[in-house]
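Worksheet: the structure to be examined is printed underneath.
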Amino acid sequence: GNKGADLGVDYGKGNLALTSVLDVKDMSKFSTSGCVSLSSGIVLGGDASYSISKSSLSGYNLGASYSSGNMFGSITTASKVSQANLGLLYKVNNELSVATKTTHAADKPFGSFSVGCSYNAAFGIVKAKVADGGVISAAVVTDIAPKVTLTASGTMTGTDSSTFKYGLGIVM
């Protein structure tokens, strides 16, 4: 059939977590990842994939994060370490958090950028984001009954109302 068969192994001890997956049906790929959490608030990790059929490393990336108090920062790589993704989150107080995300690569030193916030209002959670290209997004998430959540969202490019798109969702 078309279904694959993977054999996975997970290992964790203390501040270390490792995982590996082998495609045992086609014997075409082996993947592994790992991370270690340091007492200083730093987490380091990485992943790699090996193509057995091509006898070559098919992918690899690294990541690190730091957390202290109300601040969280991360850097991850993509596309075989050819792109860097930076993220920052600052929890201003119990109601308000702000965050940014950027991507960087040699061919696009400032690839993408977004900044957003989340506000815990009395009626629910209000989220807003502005991304590169002037895309503005917003959402309101509120409980309308026990175990029933309503999400109303919208997005628009700049001030061009013809690009406005909206959505409504209910989760029970």
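The values are calculated or read from the model by the stated rules, or taken from the named source; none is laboratory data. Please read all numbers here as calculations on a predicted model, not as lab measurements. Because the Cβ atoms are built from the backbone with ideal geometry, glycine has one as well, and the counts that use them run over all protein chains shown. Please note that ligands, DNA and RNA were not included when accessible areas were found on the heavy atoms of the full protein model with its side chains. Shrake-Rupley method; radii C 1.70, N 1.55, O 1.52, S 1.80 Å.
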(Q) I'm checking my understanding of the structure. Among residues of region 120-143 that are within 18 Å of the chain's Cα centre (by Cα) and either exposed (fewer than 13 other Cβ atoms within 10 Å of the Cβ) or charged (D, E, K, R) (or both), which one is modelled with the lowest pLDDT? (A) D132
Q.
Go through region 65-101 and report how many residues are more than 22 Å from Y119 (Cβ to Cβ) and either open to solvent by 50 Å² or more (accessible area, probe 1.4 Å) or touching an Asp or Glu at 6+ places or on another chain (Cβ under 9 Å) (or both).
A. 10
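Is there a residue being touching a Cys at 6+ places or on another chain (Cβ under 8 Å) and of a type in the set (D, E, K, R) anywhere in region 106-127?
Residues of region 106-127 that are touching a Cys at 6+ places or on another chain (Cβ under 8 Å), as a first pass: 127.
Still in the list and also of a type in the set (D, E, K, R): 127.
Taking every residue of region 106-127 in turn, at least one turns out to be touching a Cys at 6+ places or on another chain (Cβ under 8 Å) and of a type in the set (D, E, K, R).
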**Q.** Whichever residue in region 90-142 is part of a loop (DSSP other than H, G, I, E, B) and among the aliphatic types (A, V, I, L, M) and, among such residues, is farthest from M172 (Cα to Cα)
**A.** A106
Q: Identify, by number, the condition in (1) loosely packed, with under 15 Cβ neighbours inside 10 Å; (2) over 27 Å from C35 (Cβ atoms); (3) in contact with a strand residue (DSSP E or B) (Cβ under 9 Å, 6 or more places away or on another chain) that C117 doesn't meet.
A: (1)
Q.
Among the residues of region 6-54, what is the count of those that are of a type in the set (S, T, Y), farther than 23 Å from S65 by Cβ and loosely packed, with under 11 Cβ neighbours inside 10 Å?
A. 0
Q. Taking region 28-60 on its own, how many of its residues are out of contact with any Leu (no Cβ under 9 Å at 6 or more places or on another chain) and in a strand (DSSP E or B)?
A. 7
